[in-house]
Amino acid sequence: SKNKPGPFDWGVHIDTEKKESAPVTSFKHAPMSGHWSDVAVGMKVEVLNTDCDLPSKVFWIAQVIKIAGYRAKLRYEGFEENSSLDFWCNLCTMEVHPVGWCATIGKPLVPPKTIQHKYTNWKGFLVKRLTGAKTLPGDFYTKVVESRECKFRSGMQLEVVDKCSISSMRVAVVDEVVGGRIRLLYRDSQDEEDDFWCHMASPLIHPVGWSQLVGHKLTATADYKAASYAKTISKKLDPMDCPPDLFRKEKTVDSSHQQFQVGMKLEAIDPLNLSTVCVATVRKVLREGYLMIGIDGMETPDGSDWFCYHQTSASIFPVGFCDLNKIELTPPRNYSAPFKWLDYLKKTKSQAAPVKLFNNEIPNHGFKAGMKVEAVDLMEPHLVCVATVVRVVGRLLRVHFDGWEDTYDQWVDCEAPDLYPVGWCEMMGYPLQPPLIKASPP
Amino acid sequence: GDAERSRKWEQKQVQIKTLEGEFSVTMWASEDSN
């Protein structure tokens with residue numbers, strides 16, 4: 001329709017909302033995170049000169065005037081305060097080059113026609129503007145390519161949470177890998193579209209044999225269970241089993257000290273409603289520091305909605321965490337009285353899990369409320385959406401999906417591999433879900 | 001490992017080619033320090 005909005009443009013969105021974007025360095029799992037200090041506002045680059053009538057492609061110097069994730073707003077050199085031809089581009093694509101690149105391929109720099117008569121001595125102008133300025137390192141694009149590498153390959157086998165019964169694991173095969181995100185197909189599923197997307201560093205995936213190693217429920221054939229158990233014992237995997245060193249490593253737990261015990265109460269992000277932090281209970285203690293957690297008042301009699309969190313997970317909190325941080329705590333369903341932990345512990349004859357058992361580390365993550373990100377909708381994990389960090393509580397972030405109701409918000413850890421810098425989708429060729437625009441009444 | 005690489009800003013000579021001819025300028029770029 002004529003009224004249909006054009007394709008989503010991050011630059012326009014950021015300029016319109018006048019919001020900052022989270023810096024690439026805040027996303028440790030994201031490509032170039034460790035190299036982003038190579039980039040700075042004010043640096044000069046060589047880019048295509050689009051303000052030119054020549055039949056062949058020519059380039060000109062531009063200055064980075066603003067950075068938003070992987071994207072940068074550029075202004076052609078010589079435009080001074082004139083912002084009329086400012087443009088956004090992705091610094092990690094081959095459209096942007098270090099100064100000096102054109103000379104290496106024998107192409108002369110040609111000034112834009114808007115300013116071509118502004119100066120008569122272009123050499124003098126460029127010497128003055130470029131001397132002492134910063135530019136991208138010569139190996140920048142090589143680093144981009146290297147940092148995008150993912151060792152997961154199509155056909156590899158692993159164990160993943162059953163999206164239909166989250167207390168159980170299933171066997172899956174890697175179908176597709178895009179920018180470190182993996183499309184998995186459940187091996188026992190008849191439906192080829194029955195997929196599950198997650199990042200390669202997701203806590204939801206594990207190597208073959210993991211479920212039996214830690215004592216997690218596994219839905220698989222008897223043959224698989226026997227074979228995977230034997231493989232775990234012998235440490236001899238099949239060629240198509242994902243090598244264990246590709247998976248996220250949880251912190252080792254000192255078992256000589258006090259441990260989580262069945263029945264202990266805590267607060268936890270509801271895995272089936274990520275906008276809420278709920279009253280929860282340790283239902284089972286697995287090996288290697290893993291816990292099965294149930295959300296009080298929501299549990300099915302068979303425990304099929306218990307969820308596995310590692311005890312160092314940043315998604316579980318000690319009793320009183322919400323109160324302390326002014327986060328709404330969701331009480332057990334049908335709990336009639338105003339919820340008070342002391343009364344509840346007394347009523348349920350249970351004890352709170354000791355504070356020292358939780359992950360109390362707060363990294364210097366750099367996220368601030370108002371920052372724009374690209375975030376996975378964890379309820380539909382194939383979708384990466386335009387989003388805003390709306391609250392920061394220590395290491396916990398509340399992510400709001402632009403244009404959507406607050407009920408779709410998600411609490412996520414600052415190191416969650418499901419958050420990406422602005423421009424990640426563009427860089428990876430992955431579709432980005434634009435903000436929801438509510439239809440206006442006719 | 002990616003996050004632990006050590007980089008520092010170093011001066012480098014950069015070649016510029018324009019329609020009037022070639023010349024070089026001194027610029028700063030981040031490089032591996034080892």
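The numbers here are math on the coordinates, done by the rules we state, and not lab data. Fair warning: this is a prediction, and the values are worked out from it, not measured in the lab. FYI the Cβ positions are ideal-geometry reconstructions off the backbone, even for glycines, and counts take in every protein chain you see.
Quick look at the values:
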item: Under Karplus coefficients 6.51, -1.76 and 1.60, residue-wise ³J(HN,Hα) of region A:356-361 in Hz, glycine/proline x; result: 5, 7, 8, 6, 9, 6
item: Using a Förster distance of 30 Å, the FRET efficiency for A:Arg333-A:Asp86 (Cβ separation, nearest 0.05); result: 0.05
item: Reachable aspartates and glutamates, given that their alpha-carbon falls under 15 Å from the alpha-carbon of A:Lys236 and they are not under 8 places away in the same chain; result: A:Asp245
item: Region A:302-371 versus region A:244-283: alpha-carbon centroid distance in Å; result: 10 Å
item: In degrees, nearest ten, helix A:222-234 long axis to first principal axis of chain A (Cα); result: 80 degrees
item: Size of electric dipole in region A:127-241: Cβ of Lys, Arg +1 and of Asp, Glu -1, about Cα centre, debye, nearest 20; result: 840 debye
item: Amide H within-cut-off set for A:Trp197, under 5 Å, with H built and near neighbours excluded; result: A:Leu184, A:His382
item: Most mobile listed residue (A:Met94, A:Met43, A:Met32) in chain A, GNM with C-alpha springs under 10 Å; result: A:Met94
item: Inter-part distance where region A:177-238 and region A:108-125 are each reduced to a Cα centre, Å; result: 60 Å
item: Highest-fluctuation residue, A:Ala337, A:Ala22, A:Ala72 considered, GNM on chain A with Cα pairs under 10 Å; result: A:Ala337
item: Point-charge dipole on Cβ atoms (K/R +1, D/E -1) for chain A, about Cα centre, debye to 20; result: 1120 debye
item: Top of A:Pro244, A:Pro354, A:Pro301 by mean-square fluctuation, Gaussian network on chain A, Cα under 10 Å; result: A:Pro301
item: Ranked A:Ser211, A:Ser168, A:Ser83, criterion: other C-beta atoms within 10 Å, fewest first; result: A:Ser83, A:Ser168, A:Ser211
item: Gyration tensor (alpha-carbon) shape descriptor, region A:250-335, a/c threshold 1.5; result: oblate
item: Pairwise centroid distance, computed over Cα atoms, of region A:44-95 with region A:421-435, Å; result: 20 Å
item: Aspartates and glutamates with Cα under 17 Å of A:Lys356, excluding same-chain neighbours fewer than 8 positions away; result: A:Asp254, A:Glu267
item: Per-residue ³J(HN,Hα) for region A:198-206, Karplus 6.51 cos²θ - 1.76 cosθ + 1.60, θ = phi - 60°, Hz, x for Gly and Pro; result: 7, 7, 4, 9, 5, x, 8, 10, 8
item: For region A:51-66, Karplus couplings with θ = phi - 60° (6.51, -1.76, 1.60), whole Hz, Gly/Pro x; result: 9, 7, 9, 5, x, 9, 5, 10, 10, 8, 7, 9, 10, 6, 9, 7
